[in-house]
Amino acid sequence: MITWWVIVEMCQNPFDTEHQPTDPDAFYSWTLRPTDSQWTTSSGFGYSIVMLLMKYFKVTTASGLVGKIFISNREEASSALNLLLTQIRHGGEYTPPGHESLRFLATKALASMTEPDFSNVDDQTVYEAFQEVWEGFCANKDWLNAFKAQISQLSAGKVALLDCDPNEFNTRVKGPANYLVLVSGDHRQKIILGPYATPVQFC
């Protein structure tokens, strides 16, 4: 389903008193709504992202974005805007990668003891890639075992992903998650794995 989205608001958040309006870290509030509805959704991001939209829509100020319209096959405002920004970063040509390739990206990064980088992929695609291997509050056991085995294989047996007691974590998530530890020699890195747009969180 195609939705036409209109930008209703784009301005620096009034609570952000620490930054000048054109500081890349200045926090801006945005509001979107479908053109055929009065229901709005609001959230925010940094001015560095606002600048991407300004360049795309060929305006010179954040307020100039108000009234601009774009189309998306996403029916949720945040997802539609995130997809647009991903398309902009890719120069306008963007095809979401396959789910299996995204999960392999995660194993490849973890095999080198690094946090996976999904910044060039839209949030919904990343979420869906991990959501489909999730069952209730934990990952599918067969998939998780294969995930662990692939990390060991890619690291030539030097890195292991092991279960960990959630009580050892200072950070917890309210939703579904597996609490794990990445081990390489004496180095231990706690991670939270879950069906989210940021599926792997180093703790």
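The values are calculated or read from the model by the stated rules, or taken from the named source; none is laboratory data. Keep in mind it's a predicted model, so treat the numbers as computed, not measured. A quick note on method: Cβ atoms are made from the backbone with ideal geometry, for glycine too, and the neighbour counts reach across all protein chains shown.
Which of the residues belonging to segment 1-57 are among the hydroxyl-bearing types (Ser, Thr, Tyr), touching an Asp or Glu at 6+ places or on another chain (Cβ under 9 Å) and surrounded by 13 or more Cβ atoms within 10 Å (Cβ to Cβ)? Answer for segment 1-57, where residues must be among the hydroxyl-bearing types (Ser, Thr, Tyr), touching an Asp or Glu at 6+ places or on another chain (Cβ under 9 Å) and surrounded by 13 or more Cβ atoms within 10 Å (Cβ to Cβ): THR3, TYR28, SER29, THR31, THR40, THR41, SER42, TYR47. Give the residue that is surrounded by the most Cβ atoms within 10 Å (Cβ to Cβ), with candidates limited to residues of segment 58-78 that are small (Gly, Ala, Ser) and in a loop (DSSP other than H, G, I, E, B). The residue in question is ALA62. Checking each residue in segment 22-53 for being of a type in the set (Val, Ile, Thr), in contact with a strand residue (DSSP E or B) (Cβ under 7 Å, 6 or more places away or on another chain) and part of a loop (DSSP other than H, G, I, E, B) picks out THR35, THR40. Of the numbered criteria (1) closer than 17 Å to ASP123 by Cα; (2) without any contact (Cβ under 8 Å) to a residue 24 or more places away in the chain, the one ALA77 fails is (2). When we screen PHE104, PHE169 for residues that are modelled with pLDDT of 95 or more and either of a type outside the set (Ser, Thr, Tyr) or closer than 30 Å to TRP30 by Cα (or both), the only hit is PHE104. When segment 79-108 is filtered for residues that are of a type in the set (Gly, Ala, Ser) and assigned to a helix (DSSP H, G or I), the ones remaining, listed by number, are SER79, ALA80, SER101, ALA106. Condition check for GLN124 on (1) surrounded by 14 or more Cβ atoms within 10 Å (Cβ to Cβ); (2) more than 30 Å from SER72 (Cα to Cα): one failure, at (2). Mind listing whichever residues of segment 98-114 are small (Gly, Ala, Ser), loosely packed, with under 15 Cβ neighbours inside 10 Å and over 15 Å from PHE130 (Cα atoms)? Within segment 98-114, SER112 is the sole residue that qualifies. Contact map, segment 1-25: first residue farther than 29 Å from TRP39 by Cα, second residue of a type in the set (Gly, Ala, Ser) and in a loop (DSSP other than H, G, I, E, B), Cβ cut-off under 6 Å, separation 6 or more or different chains; pairs are HIS19/ALA26. Out of VAL8, VAL66, one residue alone is in contact with a Ser or Thr (Cβ under 8 Å, 6 or more places away or on another chain) and not assigned by TED's automatic domain parsing to the domain that holds GLN124. It is VAL8.
Would you confirm whether any residue within segment 105-113 is over 28 Å from PRO199 (Cα atoms) and in contact with a helix residue (DSSP H, G or I) (Cβ under 9 Å, 6 or more places away or on another chain)?
Just the residues of segment 105-113 that are over 28 Å from PRO199 (Cα atoms), to begin with: none.
No - not one qualifying residue is present in segment 105-113.
Considering only residues that are under 19 Å from GLY136 (Cβ atoms) and acidic (Asp, Glu), which ones fall in segment 159-200? Answer for segment 159-200, where residues must be under 19 Å from GLY136 (Cβ atoms) and acidic (Asp, Glu): just ASP163. For beta carbons closer than 8 Å, sequence separation of 6+ or different chains, a first residue in segment 89-105 that is among the basic types (Lys, Arg) and a second that is part of a loop (DSSP other than H, G, I, E, B), the qualifying pairs are ARG89/ASN120; ARG103/VAL133.
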